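Comments concern the structure below.
The values are calculated or read from the model by the stated rules, or taken from the named source; none is laboratory data. Please read all numbers here as calculations on a predicted model, not as lab measurements. Note: ideal-geometry Cβ built from the backbone for every residue, glycine included; neighbour counts use all protein chains shown.
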Amino acid sequence: MAKVHFGVMVPQIKRSWAEASSAAAEFEAMGYDSLWVNDHLYGPQSPSIPILEAWSMVAGLAAVTSRVEIGTLVTPVGMRNPAHLGKVVATVDEMSGGRVIPGIGAGWMPREFTDFGVPFLDRKGRLGQLREAAQLLRRMWSEDGPVTFEGRYFQTKDLVTLPRPVKPPRLLIGGSGEQVTMRIAARYADIWSNLAGQQDQIAHKVRVLRDHCAAIGRDPAEITVAQQCLVTIAKDEATAGPMVETAQKIFGGHMGNPRGELALSGTPEQIVERIGKNADAGCTMFNIEFFGRDTREPAELFAKTVLPQFR
């Protein structure tokens, strides 16, 4: 079968750093390719839900791991000064030995902007910020001299980034909007990440991405297609069935349809088959949220039964 990249989300909601870092070390030992954190300043939909801050976590994970890549799903570019973000990424990339994958997007949760004194623009404005941030970050990590950037939303003058990454980090752009977000990804991304809720549409989305690449003369093979996804795995169908039902009730459509034809739900054998279907559609990278009270348990079952089929 095709070589596939498997990443896993590190627990960070209602978790201590000790719990998160311990889980990360175990995931690395299990053989996963990358670790991922959500970049939210509040827990999902509520400021009362504790969550560890993403780039602080990435720095910590860089220090306690040695092999895995580490990324964010995804950093809303308007939530931070993007020039400062570029400096943070360059520093963490240095700490990790070049293992960082900065993931960026437009953002969608107003209060994690406005409560922190940052304007939450309309959708058109946030997408404009995404386009400009992608341009600025790429220049910061690749150009030898100072960077002056005159955008509508962001500006820099004689900006210096030292130490600069030895090799520019692979830039991930997340989002499934076909008219704007995916055009931005086609031009600037090294990795495009499809939203979990759009997994059923991955084949169509890949065709859209390829069409956008063709329009600007870019080889679509230069862009890795990634899928954010929920994995509900059990040793047998009798156990898997009720788990899938529970996952459907808890997540609804936010993390995709656990009963969908492409959903990574069921026994190891069923999941291997469905990974193959996703790969046939052009997706070769999976960033996984495991379903379970302790995500290390399903992650271990997946690592023992599924990963070896793609190595």
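Across the range 219-243, the qualifying residues are those that are β-branched (Val, Ile, Thr) and buried (at least 17 other Cβ atoms within 10 Å of the Cβ), and the one among them that is nearest to residue 194 (Cα to Cα) is 225. Pick from 184, 216: which is crowded, with 20+ Cβ neighbours inside 10 Å, over 12 Å from the mean Cα position of the chain (by Cα) and under 23 Å from residue 123 (Cβ atoms)? Exactly one residue qualifies, and that residue is 184. Against the numbered list (1) within 21 Å of residue 40 (Cα to Cα); (2) among the aliphatic types (A, V, I, L, M); (3) crowded, with 19+ Cβ neighbours inside 10 Å, residue 140 comes up short only at (1). Residues in the range 253-275 that are exposed (fewer than 15 other Cβ atoms within 10 Å of the Cβ) and either of a type in the set (S, T, N, Q) or assigned to a loop (DSSP other than H, G, I, E, B) (or both): 253, 254, 259, 260, 261.
Give me the residue from the range 93-117 that is in contact with a Lys or Arg (Cβ under 9 Å, 6 or more places away or on another chain) and among the hydrophobic types (A, V, I, L, M, F, W, C) and, out of that set, nearest to residue 180 (Cα to Cα). The qualifying residue nearest to residue 180 (Cα to Cα) is 106. Within the range 119-151, the set of residues being in contact with a helix residue (DSSP H, G or I) (Cβ under 6 Å, 6 or more places away or on another chain) and of a type in the set (Lys, Arg) comprises 126, 131. Only a single item in (1) part of a strand (DSSP E or B); (2) under 23 Å from residue 159 (Cβ atoms) is not met by residue 93, and it is number (1). Filtering 177, 197, 128, 145 for residues that are loosely packed, with under 14 Cβ neighbours inside 10 Å and either part of a helix (DSSP H, G or I) or not hydrophobic (A, V, I, L, M, F, W, C) (or both) leaves a single hit, 145. The sole residue among 64, 77, 89 that is surrounded by 17 or more Cβ atoms within 10 Å (Cβ to Cβ) and closer than 16 Å to residue 34 by Cβ is 89. Output yes when any residue across the range 3-13 is at pLDDT below 95, basic (Lys, Arg) and either more than 20 Å from residue 161 (Cβ to Cβ) or surrounded by fewer than 21 Cβ atoms within 10 Å (Cβ to Cβ) (or both), and no when none is. Yes: one or more hits. In the condition set (1) modelled with pLDDT under 90; (2) over 20 Å from the mean Cα position of the chain (by Cα); (3) of a type outside the set (Val, Ile, Thr), residue 253 is compliant with all but (2). Looking across the range 30-53, just one residue is outside any strand (DSSP E or B), of a type in the set (A, V, I, L, M, F, W, C) and without any contact (Cβ under 8 Å) to a residue 40 or more places away in the chain, and that is 49. If you check 170, 218, 207, 164 for being without any contact (Cβ under 8 Å) to a residue 12 or more places away in the chain and either over 19 Å from residue 73 (Cα atoms) or not in a helix (DSSP H, G or I) (or both), only one passes: 207. Against the list (1) under 21 Å from residue 170 (Cβ atoms); (2) touching a His at 6+ places or on another chain (Cβ under 9 Å); (3) surrounded by fewer than 19 Cβ atoms within 10 Å (Cβ to Cβ), the condition residue 31 fails is (2). Tell me, which residue of the range 276-294 that is outside any loop (DSSP other than H, G, I, E, B) and in contact with a strand residue (DSSP E or B) (Cβ under 7 Å, 6 or more places away or on another chain) is nearest to residue 223 (Cα to Cα)? This residue is 285.
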